[in-house]
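Colleague: Here it is: the structure, laid out below.
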Amino acid sequence: MYWKEVVASLYAWDLLDEGLDRMLDVLERDTLTNSTYLVALMHDEKRPLTDFYYPHNPRRKVYWTEDSRAYWQPNPDVYAHGRIQPRASDNPEIRNHDWLQELIDGSRPRGMTVGAELSHTWVDKERMQGELADIVQRDIFGTPFMGNICLNHPDVRAYGQALYLDLATHYDIDFIQTCLVGFHPGRQQPWAASNAQEAVRLAGISTGGCFCEHCRNAAAAQGLDWQAILDRVGWLAKGFDGHNHQQSFELRLLRESSTTATALLVEEPELYAFLKFRTDSVTSFFREISQTVHAARPAIDLRLNHFAAYPELMGLDLKAVGQIMDSVRSSDYSEQSGDPTRMAWKRAYLHGIRRAIGVDKYFLSAISPRPKATPELVKEGILVSAQCGADALTIGHYDGAWPNCLRAIREGIEEAGIIIDRNAPMFAD
Ligand SMILES: [Zn+2]
């Protein structure tokens, strides 16, 4: 069996702290990495994410990531026509250096492909509470969801296209990956799965995003009855506040019932209209980006980093967006749970993605070498990925990986009889 790539993600501060060549040496030797990407626009998240302290960073125990900062050198001309620009780091050790160019310069001589990721959030909360307050998603009562930008806002659309265009036309990269968060799925999302829980989870989007004026305008342009949606979805939303006794009674009855989510959709056409409006909005957001970027650079690989357990509740129709994207990365990191029973979920998640995107789309499966992963689980994750039709492996993420689990990646690939060869035919004779 052939996999085309093993892809490793790196952060600007990894390059600063550990040094690029040293990291690439380890990744090539222990994991057969032949592709890298920089998390070029990174959200507010402590690193390492899944453990208290770094396992191998020589300079610090933790890195306190700034909120939604850019680690390349944005070209101001690309953003000149819009209102939103990417924000630079305030960290004196990080700012004023082009970390993406450094990654490209270090990776290319090794024959590696290189990419950039635009991660979960593209605008920092400080600006969302200030001069960019109007781009924030609103719930049905007008309350903002801090961290969620509205994908129907014209300025957000212009910004999204500019980000991709900037990276695609000013850097020698092969792919641009994103795991942008979509519409807010609602403030009260139950985690247990049962008939009624799924129905309540679905009803929960009534407390999610977005109901801003730009969504209203987009809905009107599609001929939707926005007022009818507001009336019926608003009723459901009020049920999540016990002080609205009539609506709350109905929701409690739903929660205690055997009603399915399907039944709720049949009963509530306005809820379905809202659900479909959100997925159509996300699809058209990425379609516009794809058209703009591919017109400027036809060969660029637009990659979706798929992370949601309930993508449709944040407005992602994986099948529709998968047709627009050139490749899809699964972001399942079950290995790091340390729980062998979670591997059944990994298998189901990968099957779910393959089902949606078809057998021919370039599909990358992630593996986590982070605590509490074990070498055995890493190897099992590799085998599951191969059995689920992955074309490549990606490592999430090097910064928090313990060396025994990194070594298990190469060992797992070799034990499974997988050959890493970018130029290999997909199917051997
Ligand atoms: Zn909106």
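Colleague: Which of the residues spanning region 66-99 are aromatic (Phe, Trp, Tyr) and touching a Pro at 6+ places or on another chain (Cβ under 9 Å)?
Modeller: 72, 79
Colleague: Within region 236-254, how many residues are in contact (Cβ under 8 Å) with a residue 24 or more places away in the chain, away from the ligand (no atom under 16 Å from the Cβ) and part of a helix (DSSP H, G or I)? Before you say what the answer is, go through the steps one by one.
Modeller: To start, the set of residues in region 236-254 that are in contact (Cβ under 8 Å) with a residue 24 or more places away in the chain comprises 236-237, 239-240, 251, 254.
From what is left, the residues that are away from the ligand (no atom under 16 Å from the Cβ) are 236, 239-240, 251, 254.
Among the residues that remain, those that are also part of a helix (DSSP H, G or I) are: 236, 251, 254.
Qualifying residue count for the region: 3.
Colleague: Output yes when any residue across region 212-222 is under 28 Å from residue 124 (Cα atoms) and part of a strand (DSSP E or B), and no when none is.
Modeller: No, region 212-222 contains no residue that is under 28 Å from residue 124 (Cα atoms) and part of a strand (DSSP E or B).
Colleague: How many residues are of a type in the set (Phe, Trp, Tyr) and in contact with a helix residue (DSSP H, G or I) (Cβ under 7 Å, 6 or more places away or on another chain) when one looks only at region 170-210?
Modeller: Keep residues of region 170-210 that are of a type in the set (Phe, Trp, Tyr), which gives 171, 175, 183, 191.
Remaining after also requiring in contact with a helix residue (DSSP H, G or I) (Cβ under 7 Å, 6 or more places away or on another chain): 171, 183.
Count: 2.
Colleague: If I go through region 194-217 residue by residue, how many of them are away from the ligand (no atom under 16 Å from the Cβ) and over 23 Å from the mean Cα position of the chain (by Cα)?
Modeller: So the answer is 7.
Colleague: Sticking with this structure for a sec: Within region 255-308, which residues are outside any helix (DSSP H, G or I), basic (Lys, Arg) and either over 16 Å from residue 116 (Cβ atoms) or over 20 Å from the mean Cα position of the chain (by Cα) (or both)? So that I can check it myself, show each step before the final result.
Modeller: To start, the set of residues in region 255-308 that are outside any helix (DSSP H, G or I) comprises 256-260, 268, 297-308.
Narrowing further to those that are basic (Lys, Arg): 297, 303.
297 - this is the single residue of region 255-308 that is outside any helix (DSSP H, G or I), basic (Lys, Arg) and either over 16 Å from residue 116 (Cβ atoms) or over 20 Å from the mean Cα position of the chain (by Cα) (or both).
Matching residues to (1) without any contact (Cβ under 8 Å) to a residue 40 or more places away in the chain; (2) surrounded by 21 or more Cβ atoms within 10 Å (Cβ to Cβ); (3) out of contact with any strand residue (DSSP E or B) (no Cβ under 7 Å at 6 or more places or on another chain):
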{"site": "279", "(1), (2), (3)": "no, yes, yes"}
{"site": "301", "(1), (2), (3)": "no, no, no"}
{"site": "310", "(1), (2), (3)": "no, no, yes"}
{"site": "324", "(1), (2), (3)": "no, no, yes"}
{"site": "335", "(1), (2), (3)": "no, yes, no"}
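Colleague: Now, a different point. List the number of the failed condition for residue 174; all other conditions in (1) in contact with a strand residue (DSSP E or B) (Cβ under 6 Å, 6 or more places away or on another chain); (2) within 11 Å of the ligand (Cβ to nearest atom) hold.
Modeller: Against the list (1) in contact with a strand residue (DSSP E or B) (Cβ under 6 Å, 6 or more places away or on another chain); (2) within 11 Å of the ligand (Cβ to nearest atom), residue 174 comes up short only on (2).
Colleague: How many residues does region 413-428 hold that are modelled with pLDDT of 95 or more and under 26 Å from the mean Cα position of the chain (by Cα)?
Modeller: 2
The values are calculated or read from the model by the stated rules, or taken from the named source; none is laboratory data. Just so you know, these numbers come straight off a predicted model, no measurement behind them. All Cβ positions, glycine included, derive from the backbone under ideal geometry; neighbour counts span all protein chains shown.
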